[in-house]
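One structure below.
The values are calculated or read from the model by the stated rules, or taken from the named source; none is laboratory data. What you see is a predicted model, and the numbers here were worked out from it, not measured in a lab. Because the Cβ atoms are built from the backbone with ideal geometry, glycine has one as well, and the counts that use them run over all protein chains shown. The area values use the complete protein model at the heavy-atom level, side chains included, leaving out ligands, DNA and RNA. Shrake-Rupley method; radii C 1.70, N 1.55, O 1.52, S 1.80 Å.
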Amino acid sequence: MRIGYTLMTEQAGPNDLVRFAAGAERAGFDFEVMSDHYSPWLDEQGHAPYAWAVLGAVTQVTERAELMTYVTCPTMRYHPAVVAQKAATVQALSGGRFTLGLGAGENLNEHVIGRGWPPANVRHEMLSEAVQIISGLFDGGYFDYDGKHFRVDSAKLWDLPEKRTPIGVAVSGSQSVRRFAPVADAMIAVEPKAELSQEWDATKLGGAPSRKIGQLPVSWGTDRDAAVKRAHEQFRWFAGGWKVNAELPGPAGFAGATQFVREDDVAGSIPCGPDAEPIAEAVREFEKAGFTDVALVQIGGDQQEDFLDFAEKELLPALRG
């Protein structure tokens with residue numbers, strides 16, 4: 001299993017994220033994923049730089065680690081033709097190390113353009129059209145598209161990378177698996193559900209196993225009580241589940257929705273404290289569910305250097321052992 005590191009734009013500014021990216025590669029992480037947000041989940045997180053500008057800088061301070069968006073919504077804030085251009089550029093800058101992770105988005109980030117927030121079935125229709133457009137532009141040459149939600153008029157990517165950019169799509173159930181497994185290179189999911197992995201591989205064209213990428217929040221720290229408190233302060237939004245998280249419009253909404261989430265609730269679902277074994281146990285759940293990759297999220301923008309040192313010396317050797 002490949003172990004990744006999350007560059008979480010909601011909890012650190014652009015310069016720190018670039019520094020953390022270089023540190024994560026030195027620590028030995030296999031790949032690095034970056035969230036793409038216009039707002040943090042909670043005010044306590046306090047950041048939301050433009051992910052694509054940061055990714056460009058990250059390509060220049062890393063050499064080995066694969067890079068990925070986790071995930072970009074290519075339907076409202078960004079037109080899919082523009083996402084294709086951005087992805088091709090990052091792929092070229094990184095020397096072929098980039099995977100474009102896509103998802104149907106959250107109201108939190110997409111409402112800012114003032115178009116309202118469509119229901120889930122419409123969002124999946126939009127994402128499906130977006131994947132068609134991006135894939136068509138990755139094929140090269142001029143591309144036109146006339147769909148229910150998007151139009152493209154004589155678009156062309158003038159700087160296509162030598163290596164085609166793989167596309168991963170975030171899924172949460174059978175409907176999204178059936179829609180996107182035939183057209184995507186990798187599956188993205190945040191819960192270790194074996195049924196997702198099995199259905200994804202069964203639905204893939206040719207039925208071949210493919211990359212399946214999960215994500216795991218952790219709150220490492222030498223003081224477990226402080227680590228639990230930090231996880232509750234900055235990550236209690238995680239308790240709502242994605243059906244809820246996709247609908248709330250801003251940090252105030254998440255603060256209100258999670259006002260009764262207790263520290264014990266958070267500690268019960270997120271590994272907290274100084275030990276590697278609880279993290280390893282949570283990673284094994286993804287492995288047993290058929291995932292090939294897991295990206296860790298260390299909670300707390302001011303906690304990254306110590307976590308990376310711990311990861312290099314203890315955590316990554318334990319996970320790989």
| task | Place the peptides 121-128, 145-152 in order of packing, highest mean first, counting for every residue the other Cβ atoms within 10 Å and averaging per peptide. | result | 121-128, 145-152
| query | Using just the C-alpha positions of the chain as equal point scatterers, what log10 of I(q)/I(0) does the Debye formula give at each q in 0.07, 0.08, 0.11, 0.14 1/Å? | reply | -0.26, -0.34, -0.66, -1.13
| How many lysine pairs are close in the chain, with Cα atoms under 26 Å apart and the two 8 or more places apart or on different chains? | 22
| Of all accessible surface on the chain at a 1.4 Å probe, what whole percent is carbon and sulfur? | 49
| For the range 121-231: accessible area per residue (Å², 1.4 Å) | 49
| remark: For LEU7, other-chain or 5+-apart residues with amide H closer than 5 Å (H placed, Pro excluded) are VAL33, MET34, SER35
| In whole Hz, what ³J(HN,Hα) sequence does the range 44-55 give by Karplus (6.51, -1.76, 1.60; θ = phi - 60°), x for Gly and Pro? | 4, 6, x, 9, 5, x, 6, 4, 6, 5, 5, 4
| Mind ordering 294-305, 254-265 by average Cβ neighbours within 10 Å, highest first? | 294-305, 254-265
| Distance (nanometres) between label positions extended 7 Å along Cα→Cβ at ARG64 and ARG151 | 5.0
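What percent does the relative contact order of the chain come to when contacts are Cα pairs within less than 8 Å and at least six residues apart?
20
Roughly how big is the chain's charge dipole about its Cα centre, with Cβ charges of +1 (Lys, Arg) and -1 (Asp, Glu), in debye to the nearest 20? Mind showing how you got there, number by number?
Values: 30 positive and 44 negative charges, 188 e Å.
Roughly 900 debye, rounded to the nearest 20.
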| request: Take peptides 79-86, 176-183 and line them up by average Cβ neighbours within 10 Å, highest first, as a rough protection proxy. | output: 79-86, 176-183
| query | Quick one: if you stick a label point 7 Å off each Cα along the C-beta vector at ALA53 and ASP275, how many nm between them? | reply | 4.4
| ³J(HN,Hα), Karplus 6.51/-1.76/1.60, whole Hz, each residue of the range 222-239, x for Gly, Pro | 5, 9, 5, 4, 5, 5, 5, 4, 5, 4, 5, 5, 10, 10, 5, 4, 4, 6
| note | Amide H contacts under 5 Å for SER172, restricted to residues at least 5 apart in sequence or on another chain and with H modeled in the peptide plane, are VAL177
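Full extension from GLU287 to GLN175: what is 0.36 nm times the residue separation minus their Cα-Cα distance, to one decimal in nm?
Values: separation 112, 0.36 × 112 = 40.32 nm, distance 2.30 nm.
In short, 38.0 nm is gained.
Would you compute, from DSSP H runs of 4+ residues alone, the mean residue ellipticity of the chain at 222 nm, taking -39500 (n - 2.57) per run and dividing by the full residue count, rounded to the nearest 500?
One gets -12000 deg cm²/dmol as the mean residue ellipticity at 222 nm.
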| task | Return the long-range amide H neighbours of ARG211 (sequence gap of 5 or more, or a different chain), with a cut-off of under 5 Å between placed amide H atoms. | result | MET187
| field | Total charge dipole magnitude, the range 181-321, about the Cα centre, Cβ charges on Lys, Arg, Asp, Glu only, Debye to nearest 20 | value | 440
| field | Area accessible to solvent at ASP153, 1.4 Å probe radius, in Å² | value | 130
| With DNA, RNA and ligands ignored, accessible area of LYS204 (1.4 Å probe; Å², nearest 10) | 30
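In whole percent, what relative contact order does the range 28-106 give with Cα contacts below 8 Å and a gap of six or more residues? Please report the intermediate quantities before stating the final value.
Details: 99 pairs, mean separation 27.2, N = 79.
It comes to 34 percent, rounded to a whole number.
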| task | Measure off 7 Å from each Cα along the Cα-to-Cβ vector at ASP185 and ASP309, then give the distance between these two points in nanometres to one decimal. | result | 3.7
| query | Angle between the Cα long axis of helix 277-288 and the longest principal axis of the chain, 0 to 90 degrees, nearest 10? | reply | 30
